[in-house]
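For reference, the structure is listed below as structure tokens.
The values are calculated or read from the model by the stated rules, or taken from the named source; none is laboratory data. All values reported here derive from a predicted model rather than from experimental measurement. When we count neighbours, we look across all protein chains shown, and the Cβ atoms used for this are built from the backbone with ideal geometry, even at glycine.
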Amino acid sequence: MINLPRKILLATDLSARSDRAQDRAVALMKQFKAELIILHVLESTHEISNIGRIPFMQFHRPNAVLIEKARRMLLDYLGEASPHVSVRIEEGEPSDVIMRISREENCDLIITGVARNEVLGRFTLGRTVDHLMRKSEKLLLVVTGRARNHYKNIVVTTDFSEVSEHAIRAAAALFPDHILVILYAYTAPKSSSADDIDGYREQMRQVARRDLEKFIDGIGLTQDERSRVNQRIEMGNESRIIKDFVRLTDAELVVVGSRFRGIVSYSLFGSHAKRIISALPCDALVVRYKKNNM
């Protein structure tokens, strides 16, 4: 069962692109009436600076200056929101530190951005986000767009699995005042060999529509949640369909389910979510599924 987040962890590398994730984190903190913890990770440095030391001066730790600078930057950025936010500056491998702090602070949601040639990765997902998708059990929000308003246009992908069922339930719980578009990308195998290609594809479309209707009816959404669900089916490659749909509808958030079975099974299950998210021009919320979630 998914509850509204009570604690949010924002992982930031302080790059210009991370400003978008910071804005979204502050907006969700207010929307959910949650606590916000902002975390900046300094990667450990084992090499001593080659600048010559003056014998009578106390040895200076470069990271101490970086930590204080990072703290000032974050507090200046937060402005009036700063009394309601805590800031943590840590050293280590970013993904490991993020997961450790999320556990220590009992956070419900991790928010991060994507960056070019920075700690949290390039404008693809990046190393840190990739590791979080592999290892973290928390809700993970990957921010790429500007937080001009609360999320309005929300899309949830489905493949009729228990993983996507959990993602739909989570989206309905997290955004109780929003319309959810449930998007199903279907295929029409061997349509090129059919005598009546258009008729065959229309038949497959009707089958897909009925299957989606049956799937949603079987989830057990409340009457209010069900009234907020719109269904959309499209034929073609799932990643391309979702990307095109987002661009055409100006969707601001795509919710994707991802099965959590540890690192060994990531190549089979986590890569599905990664392929979708890597193609998106908008924010993505990864909802982790374990058997005991349902």
Filter region 188-204 for residues that are modelled with pLDDT under 80, more than 17 Å from N237 (Cα to Cα) and outside any loop (DSSP other than H, G, I, E, B) and give the result. S193
Whichever residue in region 91-129 is in a loop (DSSP other than H, G, I, E, B) and modelled with pLDDT of 75 or more and, among such residues, is surrounded by the fewest Cβ atoms within 10 Å (Cβ to Cβ): N106
Which condition number in (1) more than 26 Å from R288 (Cβ to Cβ); (2) at pLDDT below 90 is the one that F269 fails? (1)
If you check every pair at least six apart or on different chains, which have Cβ atoms under 6 Å apart with a residue in region 159-173 that is part of a loop (DSSP other than H, G, I, E, B) first and a residue that is surrounded by 15 or more Cβ atoms within 10 Å (Cβ to Cβ) second? F160/F215
Regarding region 17-29, can at least one residue be identified that is surrounded by 13 or more Cβ atoms within 10 Å (Cβ to Cβ), assigned to a loop (DSSP other than H, G, I, E, B) and modelled with pLDDT of 70 or more? yes
Counting only residues that are surrounded by 13 or more Cβ atoms within 10 Å (Cβ to Cβ) and free of Cβ contacts under 8 Å to residues at least 12 places away in the same chain, how many does region 174-203 have? 2
Please work out which residue is surrounded by the fewest Cβ atoms within 10 Å (Cβ to Cβ), limiting yourself to region 210-248 and to residues that are of a type in the set (D, E) and within 18 Å of V163 (Cβ to Cβ). D211
